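The next block holds one structure in the form of structure tokens; read it before the comments.
The values are calculated or read from the model by the stated rules, or taken from the named source; none is laboratory data. All of these numbers come straight from a predicted model, not from anything done at the bench. Backbone-built Cβ (ideal geometry, glycine too); neighbour counts: all protein chains shown. Keep in mind that these areas ignore ligands, DNA and RNA; they rest on the heavy atoms of the full protein, side chains included. Shrake-Rupley method; radii C 1.70, N 1.55, O 1.52, S 1.80 Å.
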Amino acid sequence: MSTLLLGHWTHSGNLVITSSHQVEDGDQKAIDALVNGQTSTTAWACDFDVDSHRNAVQRAYEEYVRDDDDADLIDEVQGFEPVTG
């Protein structure tokens, strides 16, 4: 299983996670169906090869947010706060 996170970037540069989905590894049709439903011009989506929402959010932080001192990751799904240190 993989975890697909969907969200958007705010105008202040924060990544907001708004939904999380478990998908079968390599199920591109399922991923496309979920991603194509996003309508925001600042939409973001990424599939992580991890089984839990928490691990996917941590990876999203490490890969997309950590290097930007002004950005935060906001998890609106489970309220998980990634380890930042």
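Quick check on my filter: what residues within the range 45-61 are of a type in the set (D, E, K, R) and over 11 Å from the mean Cα position of the chain (by Cα)? Step through it out loud before you land on a result.
We begin by selecting, within the range 45-61, every residue of a type in the set (D, E, K, R); these are 47, 49, 51, 54, 59.
Residues satisfying the conditions are ASP49, ASP51.
Against the definition (open to solvent by 40 Å² or more (accessible area, probe 1.4 Å), β-branched (Val, Ile, Thr) and not in a loop (DSSP other than H, G, I, E, B)), how does ILE74 come out, yes or no? Show your work before the answer.
On the way: open to solvent by 40 Å² or more (accessible area, probe 1.4 Å): yes; β-branched (Val, Ile, Thr): yes; not in a loop (DSSP other than H, G, I, E, B): yes.
Answer is yes for this residue.
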Those residues of the range 40-60 which are open to solvent by 30 Å² or more (accessible area, probe 1.4 Å) and touching a Cys at 6+ places or on another chain (Cβ under 9 Å) amount to ARG59
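Take the conditions over 12 Å from GLY7 (Cα atoms) and in contact with a helix residue (DSSP H, G or I) (Cβ under 9 Å, 6 or more places away or on another chain) and apply them to GLN58. Does it pass?
Values: over 12 Å from GLY7 (Cα atoms): yes; in contact with a helix residue (DSSP H, G or I) (Cβ under 9 Å, 6 or more places away or on another chain): no.
No, not satisfied.
Here are some residues: THR42, THR3. Which one is closer than 19 Å to ALA71 by Cα and of a type in the set (S, T, N, Q)? Reasoning before the result, please.
Numbers: THR3 fails: closer than 19 Å to ALA71 by Cα.
Answer to the selection: THR42.
Residue by residue through the range 11-39, note down the ones that are over 13 Å from MET1 (Cα atoms) and open to solvent by 60 Å² or more (accessible area, probe 1.4 Å). Step through it out loud before you land on a result.
Just the residues of the range 11-39 that are over 13 Å from MET1 (Cα atoms), to begin with: 11-19, 29, 32-39.
Residues satisfying the conditions are HIS11, SER12, THR18, LYS29, ASP32, ALA33, ASN36, THR39.
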Test for ASP75: is it touching a helix residue (DSSP H, G or I) at 6+ places or on another chain (Cβ under 8 Å), at pLDDT 90 or above, more than 14 Å from VAL16 (Cα to Cα) and not aromatic (Phe, Trp, Tyr):
no
Out of the residues in the range 42-70 that are part of a loop (DSSP other than H, G, I, E, B) and at pLDDT 90 or above, state the one that is nearest to GLY13 (Cα to Cα).
THR42
Residue pairs qualifying under the 6 Å Cβ cut-off, at least six apart or on distinct chains, with the first in the range 36-51 being among the small types (Gly, Ala, Ser) and the second being outside any loop (DSSP other than H, G, I, E, B) and modelled with pLDDT under 95, are ALA45/VAL35
